[in-house]
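> Here it is: the structure, laid out below.
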Amino acid sequence: MERRVFIQPETIAALVNGRLLFAGVVALLAIAVLVVRYSHLQIERHHDFVTRADNNRIQVRQVAPPRGLIFDRNGLLLAENRPSYSLSVVVQRAGDIDALLAKIAQIVPLSQTEISAFRKSARRAAPYQPVSLKYRLSEAEHARLAVAEHQLDGVEITAQPLRHYPLGEAFAHVVGYVGKINDREAATLDPSHYAAIDSIGKSGVERYYESLLLGEHGREQVETDARGRVMQLLAREEPTPGANLMLSLDARLQLQAYQLLDGQRGALVAIDIASGGVLAMASTPSFDPNAFVTGISHNQYNALINSPDKPMFDRALRGQYPPGSTIKPLFGLVALQEQVIDQHYTIEDNGFFSLPNVERPWRDWNYKTGGHGSRVDLAEAIIESCDVFFYDVSIKTGIDALAAYGEKFALGIKTGIDLPGEAAGIMPSAQWKRQRLNTAWFDGDTINASIGQGFFLTTPLQLAVMTARIASRGDLVTPFVVDASNGVQFDHPHQQIEIAKPHWDYLHRAMQDVIEGQHGTARGIATDGYTIAGKTGTAQVISIAADEQYDRDELDQRQRDHALFVAFAPVQQPRIAIALIVENGEHGSSVAAPIARALLDHYMALYPAPSTVAGG
Amino acid sequence: MQRDFVRRIDTSASRSRRLHIDLPLLALLALLATIGLLVLASAAGDQLSYLKRQSVFLLVGTVVMVAVAQFPLRFWERWTIAFYLAGIILLGLVLLVGVGAKGAQRWLDLGVVRIQPSELMKLSVPMMVASFLHHRAIPPTALEVFIALVLTAIPAALILVQPDLGTALLIFSSGLFALFLAGVAKRYIVGAVGVAIVSAPLAWLYLLHDYQRQRIVTLFDPSSDALGSGWNIIQSQIAIGSGGLAGKGWRQGTQSQLDFLPESHTDFIIAVLAEEFGLIGVLVLLTVYLLLILRIGFIAANAASVFGKLVAGSMALTLFVYVFVNMGMVAGILPVVGVPLPFVSYGGTAVLTLLFGFGILMAIATDKAKN
């Protein structure tokens, strides 16, 4: 093999320099390749990459609107939004969720309820929208998380306002509460309205006025880093806060009503007669609405649901009870208006009422020995709550007329109050019985209905509306809870029920004598301060045969009669109407009436008469 | 006037010659270090410690460079074998007691500092090959080529098993550059290229780790693993591309500043520069590198000794390869290998090694001794 050997330094230098030159040319070509590549990326594909860089860093996030506040009629806050730190997770950035949850659990305690609630919400959440995992972080938890946050991809600590009900139990039924959106709700609501909101009004005003309280989402463009943490705000479109609602409720009366009933099962509704605005609407026992805001635990929820006292049940709105004698004034009024009887009509009452061809007599519940005596007229029948009089008169009036007027006075028909889930009750009639039970109407049914028993069912709200309509002499008072939205008052149209004036005078006098008369069933609550008109009632829980005696000692407490009372005041210029029930309270006169008196006293003190009425 | 000016040039030139400093090299280095620190200040963000330490390394390195330049080239030539052997021993120690990161052992922890012996070999391998070859007749015989290849392959193999394929290949190629410059016959070169092409599939099957294969796959299709191995490539190209012609401005790069760009202060720092200073910035940097490489090439061409020629020439080529491989991989035309951008990427050992090398370059530039 021939091998050339260069010995001369000059030739060696020439060889090496030649190789250097060759390498230099190759290097120049390679650098040209780099220039071409960088120009391609930075000039030709520049716009494409700018878009991708912006997509990387810019996220549009929905901004939850603050929920509207709820006030009582005097501006006292009943539902507010309290600042609170929450731990949320952007699922898309978290990677392995189980691993992340395990890591978080080492820093702050996570309950099974929180984890399952999180998983539920995560399934529904829009992509890249933070999903709440733990609410109401304590200072210490917040601090520990802030330190560890950079190791927890996808984790965000956000200041999130939480609904709070400062007056809790007393307003739980009427104001209602918000809770986490469940699957059923998620299926029906417009997701765009709830993009950054994970709760919704579940009951009461919170639910009925959900669309007003909700507000509208804002949007913000934020710059995020590779881990999704917000670095800066680029643009923000403010959310529209939900409307602030002012209720007709007076918190002082509501609290008192709740306290008066506390410890018993019962309900009270007080209505401002002039407007129809509900002043108080209490149901006991109650529950803490704050427990629902961030999701109630299964155990807590089951305890509420399974309690025999049914604290979740709004007795004022949905409790359907036989009205008992509280409807007697109305039925007497119907008989006068329909000219079945006049004011001088009297009966002989020996404690029993018999129908031709019916062997079994109807007993007068209220009078155990010998009845109310001779020459009992309508006023006396109301004042002393004589059953036999109403048996007689109601048979004469007929159930169709009673039912027609009953509905005009809100019995057996929804009042249309602005609350969800109102019960209609039952105003029995021949038509109703045919449709529902497919049987004929008997006179015995009319007799039962005439004293608010039998098929008759009403809610405390309906009785309050009935009382308000009687008190206002036929004004078609329609109850409402929310008076104004963002300071704008709602319209409340008024209609009139036509009843002759002398009938009203007579009826109001009789109802006043229920309290003021010597034999009035509610004479115990009479006061010198103002005039009260009312009617006691006792609703039978179990049926007792005519020949049996009602023996309270043998009856289980839950089978005792319900005590009812309806009232309005002052009689000459009625301003407030009340209906209340104490379940198994037995006596309208001794149990229910004093509660009404206490509330009326408070009302009169709070709202002294606009003009002094002589003898008032 | 004219004469005064010439004389002044002469005096400054002669002064620098006495101090064994190559002024153009020093000026280009200063320019490069300034650009590097500027970009690092942006890439490192709030972590000022990176900037401080890099500055300290640059200062210490400059002192080392000037010190190294004071010794005659013969001195370095004599010590080459010692450096080489010391490097081999350190590489062995790395495998035994080294500390690692990301599944590879690359550092030796000396308590005060961590050193990366593979960086040292970038310099001692071409010096070793040059030292071996220049005593002998040029061009080298087959046996000499073989011995030179073995000298190159030993450190490359030790680095390969760390594992650090990128550095191993670069070390190996730095030895090859010395061989190439020494005039190895063209048929050997053609043969080597042929062997490389034939053995590539075998290397793919038996030599490469899974992650290395993945890197090559992602080069051609980054979206195949967009959040894994493709992430770096995709994000760096977005950074470069969105920089456009003039860039987004210093510390204004969203990709860099918002952590979308990984390794932004080390291997991927060119993407920060490209994003914030645009194509103009890239071209300026490339120009500086080109001038630097040309200056080193010029030193090689004018070196008084064959050793000096071979060492300077290999260093010029090695520097070029580093720049090309780094900028190529970040721009998505080469697979991702752990190669820093000289003087710009953060890294103490690399800076010190480079400046040590530049010290030797200056020694070569001011060497008058005959072979």
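The values are calculated or read from the model by the stated rules, or taken from the named source; none is laboratory data. All figures in this text were calculated on a predicted structure; none of them were measured in a lab. Cβ coordinates were reconstructed from backbone atoms using ideal geometry, including for glycine residues, and neighbour counts include every protein chain displayed. These area figures cover heavy atoms from the full protein model, side chains too; ligands, DNA and RNA do not enter into them. Shrake-Rupley method; radii C 1.70, N 1.55, O 1.52, S 1.80 Å.
> B:Ile147 to B:Leu23: extension gain in nm, 0.36 nm per residue of separation minus the Cα-Cα distance? Present the calculation step by step, with values, prior to reporting the outcome.
Values: separation 124, 0.36 × 124 = 44.64 nm, distance 3.67 nm.
Length gained between B:Ile147 and B:Leu23: 41.0 nm.
> Over what distance in Å are the Cα centres of segment B:134-182 and segment A:235-263 separated?
For segment B:134-182 versus segment A:235-263, the Cα centre distance is 85 Å.
> Using the Cα centre of segment A:332-436 as origin and beta-carbon charges of +1 (Lys, Arg) and -1 (Asp, Glu), tell me which of A:Trp432, A:Gly416, A:Val334 is placed farthest towards the positive end of the dipole.
The residue sitting most towards the positive pole is A:Trp432.
> Then there is this: Rolling a 1.4 angstrom probe over the protein heavy atoms, how many square angstrom per residue are accessible across chain B? Present the calculation step by step, with values, prior to reporting the outcome.
On the way: 16050 Å² over 371 residues.
Computed with neighbouring chains in place, this is 43 Å² per residue.
> Tell me, what % of the accessible area of the protein assembly as shown is carbon and sulfur with a 1.4 angstrom probe? Don't jump to the answer; show the numbers that get you there.
Numbers: 25450 of 43650 Å².
Percent of accessible area from carbon and sulfur atoms in the protein assembly as shown: 58.
> Using a Debye calculation, one point per C-alpha and no hydration shell, please list log10 I(q)/I(0) for chain A at q = 0.06, 0.10, 0.11 Å⁻¹ in order.
-0.46, -0.91, -1.02
> Beyond 13 Å, what share of the Cα-Cα pairs of segment A:167-216 is found? Please give it as a whole percent. Numbers along the way, then the final one.
Working: 705 of 1225 pairs.
More than 13 Å apart: 58 percent of the Cα pairs in segment A:167-216.
> Suppose R0 equals 45 Å; then what is the FRET efficiency for A:Asn81 and A:Ala404 from their Cβ-Cβ distance, rounded to the nearest 0.05? Write out the running numbers ahead of the final one.
Values: r = 48 Å, r/R0 = 1.06.
Efficiency, rounded to the nearest 0.05: 0.40.
> Which translational diffusion coefficient, to the nearest whole µm²/s, is obtained for segment A:19-173 from the Stokes-Einstein equation, given a Kirkwood hydrodynamic radius over C-alpha pairs, 20 °C and 1.002 mPa s? Could the numbers behind the result be given before it?
Values: Rh = 20.2 Å.
The estimated diffusion coefficient comes to 106 µm²/s.
> Kindly state, as a whole number, the per residue volume in cubic angstrom of the convex hull around the alpha carbon atoms of segment A:422-466. Kindly include the intermediate steps, with their values, before the conclusion.
Values: hull volume 3.3 nm³, N = 45.
Residue-normalised Cα hull volume stands at 74 Å³.
> What does the C-alpha gyration tensor say about the overall shape of segment B:31-133? Classify as rounded when a/c is under 1.5, otherwise prolate if a/b is larger than b/c, or oblate.
Numbers: a/c = 2.45, a/b = 1.29, b/c = 1.90.
Judged from the Cα gyration tensor, segment B:31-133 comes out oblate (a/c at least 1.5, b/c at or above a/b).
> How long are the semi-axes of the equivalent ellipsoid of chain B, defined as square roots of 5 times the Cα gyration tensor eigenvalues? Whole Å, largest first. Intermediate values should be presented prior to the final figure.
Details: eigenvalues 206, 159, 75 Å².
Working through the eigenvalues yields semi-axes of 32, 28, 19 Å.
> Using 5 Å bins from zero, what percent of all Cα-Cα pairs in segment A:83-223 falls into each bin?
With a bin width of 5 Å, the distribution comes to 2, 9, 17, 21, 19, 15, 10, 6, 1, 0.
> So what's the gap between the Cα centers of segment A:509-523 and segment A:160-211, to the nearest angstrom?
45
> Rounding to the nearest 10 and keeping the result within 0 to 90°, find how far the Cα-based axis of helix A:460-471 lies from the longest principal axis of chain A.
50
> Determine ³J(HN,Hα), in whole Hz, for all residues of segment A:301-316 in sequence, where each value follows from phi through the Karplus function 6.51 cos²θ - 1.76 cosθ + 1.60 and θ = phi - 60°; x replaces Gly and Pro.
Each residue of segment A:301-316 in turn: 5, 4, 4, 5, 5, 8, 5, x, 7, 6, x, 6, 7, 7, 5, 5 Hz.
> Here is a further query. Can you give the accessible area of B:Glu144 in Å² (nearest 10), computed on protein heavy atoms with a 1.4 Å probe?
The accessible area of B:Glu144 comes to roughly 30 Å².
> With the Cα gyration tensor of segment A:402-507 giving a ≥ b ≥ c as the square roots of its eigenvalues, does the rule (a/c under 1.5 for rounded; else a/b larger than b/c for prolate; else oblate) give rounded, prolate or oblate? Show your work: numbers first, answer last.
Working: a/c = 2.81, a/b = 1.51, b/c = 1.85.
Oblate, because a/c is 1.5 or more while a/b does not exceed b/c.
> Which entries in A:Lys414/A:Lys501; A:Lys396/A:Lys501; B:Lys122/B:Lys186; A:Lys180/A:Lys202 show an alpha-carbon gap greater than 20 Å? Mind showing how you got there, number by number?
Numbers: A:Lys414/A:Lys501 27 Å; A:Lys396/A:Lys501 22 Å; B:Lys122/B:Lys186 25 Å; A:Lys180/A:Lys202 9 Å.
Violating the 20 Å Cα-Cα cut-off are A:Lys414/A:Lys501; A:Lys396/A:Lys501; B:Lys122/B:Lys186.
> When Cβ neighbours within 10 Å are restricted to other protein chains, what is their mean count per residue of peptide B:242-250?
Details: counts 14, 7, 8, 4, 1, 1, 2, 0, 0.
Averaged over the peptide's residues, the number is 4.
> How much accessible area per residue does segment A:61-247 have, in Å², with a 1.4 Å probe?
Working: 8700 Å² over 187 residues.
Per-residue value: 47 Å².
> Extent of segment A:224-353 along each principal axis, from alpha carbon coordinates, in Å, largest to smallest?
Cα spread of segment A:224-353 along its principal axes, largest to smallest: 92, 37, 25 Å.
> Counting each pair of different Cα atoms once, what's the Kirkwood radius of segment A:194-291 in Å, rounded to one decimal?
Numbers: mean 1/r = 0.0584 Å⁻¹.
Taking every pair of different Cα atoms in segment A:194-291, averaging 1/r and inverting gives 17.1 Å.
> Give the peptides A:510-518, A:388-396, A:431-439 in descending order of average Cβ contacts within 10 Å, highest first.
Working: A:510-518: 22.2, A:388-396: 24.0, A:431-439: 11.8.
Highest mean packing first, the order is A:388-396, A:510-518, A:431-439.
> To continue, here is another question. Roughly how far apart, in whole Å, are the Cα centres of segment A:88-132 and segment A:294-317?
What the calculation gives is 28 Å, centre to centre.
> Using a basic spin-label model with each label point 7 Å from the Cα along Cα→Cβ, how many nm lie between A:Asp556 and A:Leu606?
3.8
> Largest first and to the nearest Å, give the Cα extent of segment A:250-289 along each principal axis.
Taking the Cα atoms of segment A:250-289, the three principal extents are 32, 18, 14 Å.
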